[in-house]
Amino acid sequence: MRAIARRKKHYPEWYGKVLADQRNGLRDVSIEMSAHEAESAQRRFRTALERKSPETIRAYQSAARSFGKYIGVVKAKPSDVIARVITLSRIEAETLVEEYIKWMDEEEELAPSSINTYLAALKFFVRIARKVGWCEWQLDVDGLKNSLVKDVEGISPDDLEAILEFVGEGNDKHILRLRMLIFMLAFMGLRISSILTLDLENLDFEKKGAWFKMKGKGSKRIFKTIPPLTIEAIEEWLEWRGEEEGPMVLNFTNGKRITRQSVDKMLKSLGKKVGIERPLHAHSFRHFVATEGLELTDGNRHKVMQLTEHESDRMLGRYDDKRQDLGGELSSQIESKFLLKNLQEDGDEEDDVEIMSAASIDDLEEEEEKIETGYLPLDLVLDGGVIPGQVIALAGAPGLGKSTALQHGAGSMAKKSGKVLYNSGEQGLRDLAGTLKRLDIRSRRLLIMSEKRLEVVISKTLKLGASCLIVDSINCMSSVDSRGQPGGTSQMKACSDMLIDMAKKNEIVVFLICHVTKDGDLAGPRAVEHLVDTVLHFEGEDSLPQRQVRASKNRFGSTMTKGYMKMTDKGLIPYESPREKKKRESFE
């Protein structure tokens, strides 16, 4: 009893207010009680709370304030939470709580442990309310780890294209407001709370930015650069809104600041109209901006953090010096990718059309002679060498020497047939240079780079005028035109298509090193295997020095010949098997 008495001084005076709160403005609950039953219920509810420790009670009060913030009740008490939740149907209550969990995870960025603690408090309130007779159901909502998987990619580029097309049409007040919101969400990576707390007086058009209120910053505002076309969208909105001070984003019904719930409804409706299957949320754009930013900067987390203002290293890393306006530069790049290209495409369409004419086979030159690589195993398996524009995939288990074989081939080709660019996405530039020196592979026409962005590799290949490009490996390359992680189906398909297109149009030989599955097949989409001209398989045992390369597909020659090598401290030395040697000597 003493323990309970000591605990009581920690408790606020809200135990018996549940029924009163219900009668003052909320819907009546379905279960009616007499005065005696109501008093008994309140006493039982108070007793259940008194069994909790002071620390738990304070956590429940914190949970109540958090839930109150979400539903728009300032300094909410547990009685407010109970009154709001138990007057709903079970389905309505669970939907509300699930949305609340998503809000805590994405907007408030709380740790899963904090989210589950707040959820446990809500479940406790409802469970006790059910025991004392205030409702007839319990909350059946799982915690964050079980029920929600964080969508770190957000909307896709195709989704954004559809959204931009929709908001780009019309100039009525609804479209003007929505266009401004979408641009700020999609190109600046702002939280919706930062946009909704923005007032007209926070804008600074001279500096091309605004002072935004950020999460966790208290009343402090931070200046952020606004990209040019987003400024235009803001100015178009202000032409309708007017220039009087106050909230930037207005509710058309009452002229006051629009609420988060209203914006959620707008975005969900927009998502349905443009054909996005999943519910469209404000935070979906923030995930998109983070993903786009990391791709455009080759994983530069510091630069992306200047844009998104993440406060912890949980997703992007810690903040660094903000003296340079890196975030403003990056937001303009993302905006330009989706908006400025439309302006550039308004010119003469005929200039972009390549007219191809039909031709007689007699007018076409005969197939070019094959070019020897100078590395015997490759020349053997490729039936005499390569032809310009040929795309060859070399697959094999890790550690057998695929890269070493093509490094030998690159050195030989550079001496015989022009510039060769060897790009390694898996090995640093210094490490790659050290490997080539150790193998005594030296040529002024053999150029190396370490890059995972395919657009950069293609641009460098064309700029150098290389006759051969070796990509080590295709599984780690990525293109800005495709979503997903490197090595995934969409990325590998997109990267292969781009490389094949470059090879054919510019008559460049391309070698693609590919990973393999447990069964020995090329890892990734089967389409890659069908698109390339030649598929080679690099084979051998880890415990033995012998290696062989064979062809399972070759559009420009036979698949019957194999190439043989032996692993030594100087790399892969070519040699002929007795059978191949006998076959060669029989033709000499």
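Every read-out reported here was derived from the displayed coordinates using simple, explicitly stated rules and does not represent laboratory data. Predicted, not measured: the structure shown is a model, and the values here were computed from it. Because the Cβ atoms are built from the backbone with ideal geometry, glycine has one as well, and the counts that use them run over all protein chains shown.
The table for this structure:
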{"quantity": "Nonlocal amide H pairs with residue 451, under 5 Å, H built at 1.01 Å", "calculated": "424, 425"}
{"quantity": "For residue 511, residues with placed amide H under 5 Å, excluding near neighbours", "calculated": "392, 469, 470, 471"}
{"quantity": "Sum of side-chain charges, residue 427 neighbourhood, beta-carbon under 12 Å (Lys, Arg +1; Asp, Glu -1)", "calculated": "-2"}
{"quantity": "Volume in Å³ per residue [convex hull over Cα atoms, computed for the stretch 376-587]", "calculated": "121"}
{"quantity": "Residues 294, 512 arranged by fewest to most Cβ contacts within 10 Å", "calculated": "294, 512"}
{"quantity": "Cβ crowding within 10 Å averaged over residues, with 534-542, 484-492 ranked highest first", "calculated": "534-542, 484-492"}
{"quantity": "Peptide ranges 269-282, 458-471, 252-265 listed from the most packed, as the mean C-beta count within 10 angstrom indicates", "calculated": "458-471, 269-282, 252-265"}
{"quantity": "Burial order of peptide ranges 382-394, 95-107 (average beta-carbon count within 10 Å, highest first)", "calculated": "382-394, 95-107"}
{"quantity": "Entries of 419/504; 213/265; 402/452; 463/570; 215/265; 452/493 with Cα pairs more than 26 Å apart", "calculated": "463/570"}
